[in-house]
1. Give the residue that is surrounded by the most Cβ atoms within 10 Å (Cβ to Cβ), with candidates limited to residues of the range 20-51 that are assigned to a helix (DSSP H, G or I) and touching a strand residue (DSSP E or B) at 6+ places or on another chain (Cβ under 6 Å).
2. Test of understanding: among Arg108, Arg64, which residue is at pLDDT below 85 and in a helix (DSSP H, G or I)?
Amino acid sequence: MTDIQIAFLAGLIVGEGSFTGDPQSGTWTCAVKMSARHEHLLRLVHAWSPLSRFHGPYPCAGNRQDQYIVHWRGPALVRLIKELEAFGLQDCCPHGYGRMMTVKRDWRSSREGGSL
């Protein structure tokens with residue numbers, strides 16, 4: 001990804017994304033979920049990060065709009081975290097950076113010292 005794409009993606013993750021995981025299964029994810037009116041944007045993000053996954057539309061309860069999701073897992077998540085660290089996410093959004101580091105630490109713990 002270019003520096004501009006990484007910066008844009010960092011802003012999108014800070015504003016709309018989440019880092020989640022399950023230490024028991026060792027499954028960790030970064031996801032951006034948005035309404036159908038943002039489908040083109042999420043497809044563009046997916047094109048920038050081809051290891052990511054694109055899903056949708058999903059019906060959104062209580063809403064007429066469908067939702068789409070782009071997420072990163074496994075090798076795609078490892079690469080994304082390295083790019084966000086190099087970009088300086090910690091300087092832009094300490095909260096988002098903290099959440100990302102929690103996922104990274106917990107992933108390592110679930111893998112018995114593996115690297116993320």
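The values are calculated or read from the model by the stated rules, or taken from the named source; none is laboratory data. In this text the structure is predicted, and so the values were computed from the model without any measurement. Cβ atoms come from the backbone with ideal geometry, glycine included; neighbour counts cover every protein chain shown.
1. Across the range 20-51, the extreme among qualifying residues is Leu42.
2. Going through Arg108, Arg64 in turn, just one is at pLDDT below 85 and in a helix (DSSP H, G or I): Arg108.
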